[in-house]
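We did not get these values from a lab; they are worked out from the coordinates using the rules stated. Treat the numbers as computed from the prediction; the structure is a model and nothing was measured. Don't worry about glycine lacking a Cβ; one is built from the backbone with ideal geometry, like all the others, and counts go over all protein chains shown.
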Amino acid sequence: MAERRFSPERRLVLRGGRREADYEGRPVVLVVDDHVDSRDLMAAVLQEVGVAIAEAGTGAGALERVAMEPRPSLIMIDLSLPDRHGTEVVKAFKADPAVRHIPVVALTASVMASDKEAAAAAGCAAFIEKPVLPDTVVALVKKLLAQTYEGPSDPGSEFPVGSKKLSDELEAGN
């Protein structure tokens with residue numbers, strides 16, 4: 001068996017989210033994925049952004065964590081969770097007045113148009129296909145966090161589906 005690159009001890013120290021002090025002065029990104037390796041990868045990618053990472057491995061865990069303080073500033077959710085579909089979880093987020101304003105990014109290995117449409121209909125702000133491109137994830141997270149704190153620069157912008165649309169937007173400087 002191959003040795004894991006991110007040990008549990010490393011996550012406890014560098015990732016944050018385990019102690020109140022871990023969150024001080026940093027936005028929290030909730031990463032919801034049933035695969036620990038996927039959460040590890042997202043945490044490593046997002047270190048560049050300087051956010052604190054909170055985690056959940058199930059839809060129920062995500063609903064539980066989003067209700068805790070500090071609330072996340074952004075949620076990244078895999079659509080294939082063991083206890084329910086990710087779009088069901090997003091709909092629950094959007095039905096809760098306390099968290100409906102939090103942008104949600106759908107993550108999935110599926111490239112079916114129906115999944116992208118379902119994610120948009122559920123209330124996702126963006127859709128990223130796995131495997132993720134680190135630069136695309138960092139740019140999207142920075143953009144969504146900036147919009148969260150400053151307001152959207154283009155309220156009529158389209159739902160960013162896949163990496164191509166987002167890459168085009170980022171290259172254009174939007």
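Express in nm, to one decimal, how much length is gained between Met112 and Tyr149 on full extension, taking 0.36 nm for each residue of separation and deducting their alpha carbon distance. Working shown, then result.
Numbers: separation 37, 0.36 × 37 = 13.32 nm, distance 3.21 nm.
Result: 10.1 nm gained on full extension.
Which order do the peptides 94-100, 38-44 come out in when sorted by mean C-beta neighbours inside 10 angstrom, highest first?
Values: 94-100: 12.1, 38-44: 20.6.
Final packing ranking: 38-44, 94-100.
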>> Going by average Cβ density within 10 Å per residue, which order do the peptides 80-89, 24-33 take, highest to lowest?
In response: 24-33, 80-89
> Any idea how far apart Arg71 and Ala44 come out in nm if each label point goes 7 Å out from Cα toward Cβ?
Replying inline: 3.3 nm
